[in-house]
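The structure appears right after this line, and notes come after that.
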Amino acid sequence: MPTVSIIIVCMNRPDNLRPCLDSIKLHTKADYEVLVVAYRFSPDNLSAVQADYPWVTFIVNNALSGFSENNNLALRRARGSYCFILNDDTELPGPAIDKLLGDFGSLPSYAAIVAPKLLNADGSLQLCGRPDYPAFKYVLQQWHLYSETTDNGSGLFRTFNASGAAFLIKTSIFKELGWFDERYFFTPEDIALTTLARRRGYSVWCDADASVIHKWRTTSSPLAPAVRPCAIRGSLIFFADGSPLRYFCLGLGVWAAEMAKRIKARFSGNKTDYITYKHNTRSIFTRLTPKEIFARYFNEI
């Protein structure tokens, strides 16, 4: 049985996947298995990566699915004692997985998650631990009045949240928590998971000495008009925590921010931004789920 199951979701981007898999092979000594959810892959791309990486288990999924659903397809087949969630647009510059596995040996039994430091493609710091992220900060962020702190500690330290781009979690605890919450389509699955873990009495940690390169700035999706509105809807559902009044108050603040951006994009002539902000404002006060919102706008692109 492998020590760790490495879970990767890739949406028909072999250009992302190949360097990610190569870096795992180069830098990981622990016993591992790799499960890749090949999401909406073209037949040619799928055949090529299957031939080049026979040691990887590919799970083909062509149904309309979000981050949580795709990851859960692989997680339910994971055999390792630990699961390492990894974005396809990442690379390991060193033995990050081995380092994180070793960390659990010095952590208390209630430690559930250890995340690495995330670096940008140019080597600059992207994220090192994540502080508490209450609802009011989310609203301020939509107005560009708050930016998440990127450097929150050194060495191995306790933190509040982990990024879905890369983190290691005990499989038994992940299963107990119900894997990723499939109510959310793209965000905030990672914050929802770590929040639930902390509420159950588990702890979240970060190791600043374990690094993963996350190339999100160079691999951003062209699906913003579909991704952003369902992400906002999901975030509001999470932060409202079941309260309609809380949802309305938070939604009003976010709606005003997105409407201001929509007006600015209208006058600037940026058509893609305008469509994105239009979809955002229309998706806040709706009964549609994040997945239904994505499906509606995805079909329009």
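Results, tabulated for the structure shown:
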| item | result |
| --- | --- |
| Hits in the stretch 184-214 - residues which are in a loop (DSSP other than H, G, I, E, B) and more than 22 Å from residue 77 (Cβ to Cβ) | 186, 187, 188, 200, 201, 202 |
| Filter pass, residue 207 being in contact with a helix residue (DSSP H, G or I) (Cβ under 7 Å, 6 or more places away or on another chain), assigned by TED's automatic domain parsing to the domain that holds residue 138 and crowded, with 17+ Cβ neighbours inside 10 Å | yes |
| Selected residue [hydroxyl-bearing (Ser, Thr, Tyr), over 22 Å from residue 291 (Cα atoms) and touching a strand residue (DSSP E or B) at 6+ places or on another chain (Cβ under 8 Å)] from 23, 65 | 23 |
| Count of the stretch 165-183 residues which are in contact with a Ser or Thr (Cβ under 8 Å, 6 or more places away or on another chain) and surrounded by 23 or more Cβ atoms within 10 Å (Cβ to Cβ) | 1 |
| Search result, residues across the stretch 73-98 that are surrounded by fewer than 21 Cβ atoms within 10 Å (Cβ to Cβ) and either part of a helix (DSSP H, G or I) or in the same structural domain as residue 292 (by TED's automatic domain parsing) (or both) | 73, 98 |
| Residue satisfying all of: in the stretch 137-157; in contact with a Cys (Cβ under 8 Å, 6 or more places away or on another chain) and outside any loop (DSSP other than H, G, I, E, B); surrounded by the fewest Cβ atoms within 10 Å (Cβ to Cβ) among these | 151 |
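The values are calculated or read from the model by the stated rules, or taken from the named source; none is laboratory data. All values derive from a computational prediction rather than experimental measurement. Please note: Cβ atoms are built from the backbone with ideal geometry, for glycine as well, and neighbour counts cover all protein chains shown.
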